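Quick notes on the structure that follows.
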Amino acid sequence: MTLRFLYILGALLALLLSAAPMAPPDAQAAAPAEISPVLSGIHAWTNEIYTRVAIYTGGEVHWQADTVLADPARKLPPRIFVDIRGAGIQSDILHNPVGVNNGLLRQVRAGRYSKDTVRVVIDLERSSTFRVFALPDPYRIIIDIDGEGEIPAPREEAAPATEAAAPPAKEPPPAVPEEQGPFLSSAPSTPLPSLRQNRIRVMIDPGHGGKDPGAIGPTGLKEKDVVLEIGRMVRERLSRHEAYEVRMTRESDVFIPLEERTAMANRSRADIFVSLHINASRNRKAKGISTFVFSRGASNQEDLELAARENGVPVARLKGVKFIIDDMFTGARKNESLRLAKTMNDAICRSVTMGYGRQENLGLKQAPFFVLVGARMTSVLVEASFISNAQEEARLRDEAYLARIADGVAEAVRYYGQNGSFTRHGL
Ligand SMILES: [Zn+2]
């Protein structure tokens, strides 16, 4: 699109949106889609330098995103828009823009742009960079928006994962906040707020919850309950140390969409994101512990199936997802995430082995987990044992076993807290 066209488009936009007539969802008789797409929800999670917007359409849609420059003459701000073809729109969304007004963006609004196109417009308060991607089941379009000038650069000397991921000492020395200067090498110049100064913020994400039980063991143990218990234990352990501030994406048995978990971590400017899960396999003998970082693909079919299950989508659908991971955040954090993942997996295995005999260490892995997409901090996903294995399920009912896992997670976070490289974006 030419700039001139964008300007004209901008000028027309307010008019078109305000005059947009209600129209029934496009029939699109040829499409075999089981759900006819309707724009049924818009959510925004935000702070003044970051916003994630999720647009829910139910069924898969064709969409296109672009920007319009500000038009001072008409008092129109710069905008990001997403055109969604062949979708209807709920009337409550048509009449209720999502207000944000946080210094980054004003609001998100939607209207019928043409006969077969619904347009979602994000009115920005200043120019920003953004990325758009879609996730299936339920189909949603995600827009991550960053305030200009806040994008952190990777640390030059970031070492490759395996070299730098030395196992933690059996009893790591306590974290001393005053000595954590090296974390901040690439931080923006804005002074640190006193409350946050030098504290490492950790977002613990117990997987699943509410209507989503996660994997279920042979005797009925649910993954969602086990990981919540481990999450609480990790929080309790880390909270003993002044250097750590711990938050959880959920503290009870509630359902939270995957994209919201990532948004919670980003919005709260967490330094470390740990998503907790328990593995399962059709092979009832499968056992052991593995820790993942995000990648577009998986190295084997098993890991791809695992990611599909954790994402709540069929494998075929997962293969069709086009991940946008070439943004600076993802690149900057990948090596750090690999370091933490290796450290964490080794620490959990060592901790469990001390109490229960040798534990299968399945190692550091990579797979396309939705919950890690767009995370702006060092991010890992732990698969701490197999709930499908009778022996491991029995252990997962044992508080002492969960405590061993939590010890390993907390120990690795603390080791990484003292040795890792942090990007304190937005401080
Ligand atoms: Zn899970």
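Checking the structure you have, find out if any residue of the stretch 120-131 is surrounded by 22 or more Cβ atoms within 10 Å (Cβ to Cβ) and under 22 Å from LYS322 (Cα atoms).
Checked the stretch 120-131: at least one residue is surrounded by 22 or more Cβ atoms within 10 Å (Cβ to Cβ) and under 22 Å from LYS322 (Cα atoms).
Filter the stretch 78-119 down to residues that are over 25 Å from the mean Cα position of the chain (by Cα), small (Gly, Ala, Ser) and crowded, with 18+ Cβ neighbours inside 10 Å, then give me how many there are.
Residues that pass the stated criteria total 4.
Can you name the number of the only condition in (1) within 16 Å of the ligand (Cβ to nearest atom); (2) assigned to a helix (DSSP H, G or I) that ASN266 fails?
Just one mismatch for ASN266, condition (1).
Do you know which residues across the stretch 237-262 are in a helix (DSSP H, G or I) and in contact (Cβ under 8 Å) with a residue 60 or more places away in the chain? Show your work before the answer.
Taking the stretch 237-262 as the starting set, the residues that turn out to be in a helix (DSSP H, G or I) are 237-239, 258-262.
ARG237, LEU238, LEU258, GLU259, GLU260, ARG261, THR262, listed by residue number.
If we only count helices (runs of 4 or more DSSP H) wholly inside the stretch 314-423, which ones have 3 or more residues that are more than 22 Å from MET248 (Cα to Cα) and modelled with pLDDT under 95? Before you say what the answer is, go through the steps one by one.
Details: elements: 315-319, 328-356, 390-396, 399-419.
In the stretch 314-423, 315-319, 328-356 are the helices (runs of 4 or more DSSP H) which contain 3 or more residues that are more than 22 Å from MET248 (Cα to Cα) and modelled with pLDDT under 95.
Out of all the residues in the stretch 335-368, which are buried (at least 21 other Cβ atoms within 10 Å of the Cβ) and of a type in the set (Gly, Ala, Ser)?
Once the filter is applied, which keeps residues that are buried (at least 21 other Cβ atoms within 10 Å of the Cβ) and of a type in the set (Gly, Ala, Ser), the stretch 335-368 yields SER337, ALA341, ALA347, SER351, ALA367.
Please work out which one of (1) more than 16 Å from the ligand (Cβ to nearest atom); (2) without any contact (Cβ under 8 Å) to a residue 24 or more places away in the chain is the condition GLU305 fails and give its number.
Only one criterion in (1) more than 16 Å from the ligand (Cβ to nearest atom); (2) without any contact (Cβ under 8 Å) to a residue 24 or more places away in the chain is unmet by GLU305, namely (1).
What are the residues in the stretch 245-261 that are within 15 Å of the ligand (Cβ to nearest atom) and either surrounded by 17 or more Cβ atoms within 10 Å (Cβ to Cβ) or under 25 Å from LEU362 (Cβ atoms) (or both), if any?
THR249, ARG250, ILE256, PRO257, LEU258, ARG261
SER281 - would you say it is within 14 Å of the ligand (Cβ to nearest atom), assigned to a loop (DSSP other than H, G, I, E, B) and under 20 Å from ALA390 (Cα atoms)? Steps first, please.
Working: within 14 Å of the ligand (Cβ to nearest atom): yes; assigned to a loop (DSSP other than H, G, I, E, B): yes; under 20 Å from ALA390 (Cα atoms): yes.
For SER281, the condition - within 14 Å of the ligand (Cβ to nearest atom), assigned to a loop (DSSP other than H, G, I, E, B) and under 20 Å from ALA390 (Cα atoms) - is met.
The values are calculated or read from the model by the stated rules, or taken from the named source; none is laboratory data. Computed from a prediction, not measured in an experiment: that's the story for all the values here. Heads up, the Cβs are rebuilt from the backbone with ideal geometry, glycines too, and the neighbour counts pull from every protein chain shown.
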